[in-house]
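*Asks:* Here it is, the structure, as structure tokens.
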Amino acid sequence: MKKITSFTIDHIKLIPGVYVSRKDPVGTETITTFDIRMTSPNDEPVMNTAEIHTIEHLAATFLRNHKDFGPKIIYFGPMGCRTGFYLLLAGDYESKDIIDLLKEMFVFIADFEGEVPGASAKDCGNYLDINLPMAKYLAKKYLSEVLENISRERLVYPK
């Protein structure tokens, strides 16, 4: 079998950033898949499921309600390796095109107070696996270390 594209990226050289993972034509539209890499693969600890789950709930809520990007959101969810998330958008985008959106989203997560949306037995299949303080910590870390002064090396996959 042929390797899928995401397994051809050198994860030893990969650092936290915002990368275009792939672009797929669907009818007359392009779906852009972004790799929102929050930790350095195989180099630092992965995120625990509780904070990933919390970020997923908060980010999905924020993105689907965004005034400009809301109608373009196809999917936001975690990577199986627990080093980041995938964001799928309807449209042909580059990494730089969504930096402001991601800044807004991670500020929303970092500043969030109250009950996590959808964190109830009625709304979620694993509602007890939530860690808001750690999700907020990781959002602040990603904002300050990656998004606030993002460099080209964090926008394009390493060769």
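Just so it is clear, none of the values below were taken in a lab; they were calculated from the coordinates. What you see is a predicted model, and the numbers here were worked out from it, not measured in a lab. Here Cβ is always computed from backbone atoms with ideal geometry, including for glycine, and neighbour counts include all displayed protein chains.
*Asks:* Using helices alone, what [θ] at 222 nm do you get for the chain, with -39,500 (n - 2.57) per DSSP H run of 4 or more residues, divided over all residues and rounded to the nearest 500?
*Replies:* On the way: 3 runs with 40 residues, N = 159.
Helix contribution divided over all residues of the chain: -8000 deg cm²/dmol.
*Asks:* Restricting to DSSP loop positions (anything but H, G, I, E, B) with no more than 12 other Cβ atoms inside 10 Å of their own Cβ, which chymotrypsin sites (Phe, Trp or Tyr not before Pro) remain in region 1-73?
*Replies:* Qualifying residues, ordered by number: none.
*Asks:* Then there's this: Select from region 88-159 those GluC sites (Glu not before Pro) which occupy a DSSP coil region and have at most 11 other Cβ atoms within 10 Å, ordered by residue number. Please report the intermediate quantities before stating the final value.
*Replies:* Numbers: sites: E94, E104, E113, E115, E145, E148, E153; in loops: E94, E113, E115, E148.
Counting only loop positions with at most 11 other Cβ atoms within 10 Å, the GluC sites (Glu not before Pro) in region 88-159 are E113, E115, E148.
*Asks:* Using just the C-alpha positions of region 16-148 as equal point scatterers, what log10 of I(q)/I(0) does the Debye formula give at each q in 0.10 1/Å?
*Replies:* -0.31
*Asks:* If you don't mind, there's one more thing I want to ask. Considering only A135, I99, S151, whose Cα is most displaced toward the positive end of the charge dipole of the chain, charges sitting on Cβ of Lys, Arg (+1) and Asp, Glu (-1)?
*Replies:* Final value for the positive-end residue is S151.
*Asks:* In a GNM of the chain with a 10 Å cut-off on Cα contacts, which of N65, N42, N149 has the highest mean-square fluctuation?
*Replies:* Sorting by GNM fluctuation, first place goes to N149.
*Asks:* Among residues other than N65 whose Cβ falls under 14 Å from its Cβ, what is the net charge (Lys/Arg +1, Asp/Glu -1)? Walk me through the numbers before you get to the answer.
*Replies:* Details: positive: R64, K67, K72; negative: D68, E104.
Net of charged neighbours comes to +1.
*Asks:* For the pairs K67/K103; K103/K159; K23/K96, note any where the Cα-Cα span goes beyond 20 Å.
*Replies:* On the way: K67/K103 15 Å; K103/K159 26 Å; K23/K96 15 Å.
In this structure, K103/K159 lie more than 20 Å apart at Cα.
*Asks:* Using the Karplus curve 6.51 cos²θ - 1.76 cosθ + 1.60 with θ = phi - 60°, work out ³J(HN,Hα) for each residue of region 79-86 in order, rounded to whole Hz, and write x for Gly and Pro.
*Replies:* With the stated coefficients, region 79-86 comes to 7, x, 6, 6, 9, x, 9, 10 Hz.
*Asks:* I would also like to ask the following. For a label point 7 Å from the Cα of E145 along Cα→C-beta, name the residues of region 1-27 whose backbone N is under 11 Å from it.
*Replies:* Residues 16-17 fall inside that zone.
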